Amino acid sequence: MFKNRFASAILMAATTLGTVSSGMAQKPAAEQQPGLGGPVIAGVCLLSREAVLANSKVGIAAAARLKQIADESQAEIDRDRSPIEADVLALRSESAKLSDQQRRAREKALADKFAPVQAKAELRTREIEKTRAKVMEMIASEAQPVIATAYKDRNCGLLLDRTNVLGGNLANDLTVAVVQGLDAKITTMNFQRETLAAAPAATPAR
């Protein structure tokens with residue numbers, strides 16, 4: 001249960017960059033379902049930030065790197081947890097031979113061993129989430145001048161999030177142009193897992 005909970009947490013952090021890390025990249029604007037048609041509204045433009053992250057080369061590279069960091073963290077926690085799981089299995093096999101006092105003592109000892117592993121897993125989850133947020137800010141900073149150029153080139157007067165548009169004429173969608181411009185500017189991004197201070201250990205109850 002603990003392993004699954006940690007894996008879910010770090011995978012969520014990793015995949016927030018875009019669905020590319022799970023192999024389900026969003027389609028560029030040109031491949032999206034056609035809009036409802038109608039006249040082009042002059043000055044109103046659209047952009048999908050999610051599609052930019054999912055389809056730009058730097059977004060794909062960042063998502064892959066973040067997943068690698070998450071996998072490394074999972075392996076670290078697995079190594080710490082394995083000997084404790086072996087002790088748990090040993091206790092189960094010997095439980096019938098133990099007195100209640102002996103069993104409780106060994107259960108407490110296992111709980112004491114498990115606590116720092118759980119704390120480390122929670123710390124790694126927070127570190128990966130902080131890393132993800134920082135990387136998204138870095139990509140957004142790289143994309144902003146590209147967006148500004150596309151906005152000016154299309155003579156936009158208003159930019160809307162494409163994911164909130166129910167329908168209409170999507171001719172002024174800047175997403176593909178932004179992806180292409182970002183790809184021409186940057187294709188990869190190197191970064192390490194952010195580090196945070198461990199939370200202070202809880203004081204045992206008396």
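Throughout, read-outs are computed from the coordinates displayed, never taken from laboratory work. What you are looking at is a predicted structure, and each value in this text was computed from that prediction instead of being measured. Quick reminder, even Gly has a Cβ in these numbers, built from the backbone with ideal geometry, and neighbours come from all protein chains shown.
Can you give the local net charge around residue 130? Use residues other than it whose beta-carbon is closer than 10 angstrom to its beta-carbon, Lys and Arg +1, Asp and Glu -1. Summing Lys/Arg as +1 and Asp/Glu as -1 gives +1.
Applying 0.36 nm per residue to the separation of residue 149 and residue 76 and subtracting their alpha-carbon distance, the gain on full extension is 21.9 nm.
Shown is the FRET efficiency for residue 105 and residue 130, computed with R0 = 41 Å from the Cβ-Cβ distance and rounded to the nearest 0.05: 0.60.
Here the Karplus curve 6.51 cos²θ - 1.76 cosθ + 1.60, taken at θ = phi - 60°, turns the phi angles of the stretch 115-130 into couplings of 3, x, 5, 4, 4, 5, 4, 5, 5, 4, 4, 5, 5, 5, 5, 5 Hz, with x standing for Gly and Pro. In this structure, the amide hydrogen of residue 45, modeled 1.01 Å from its nitrogen in the peptide plane, lies closer than 5 angstrom to those of 157, 158, 159, 160, counting only residues at least 5 positions away or on a different chain.
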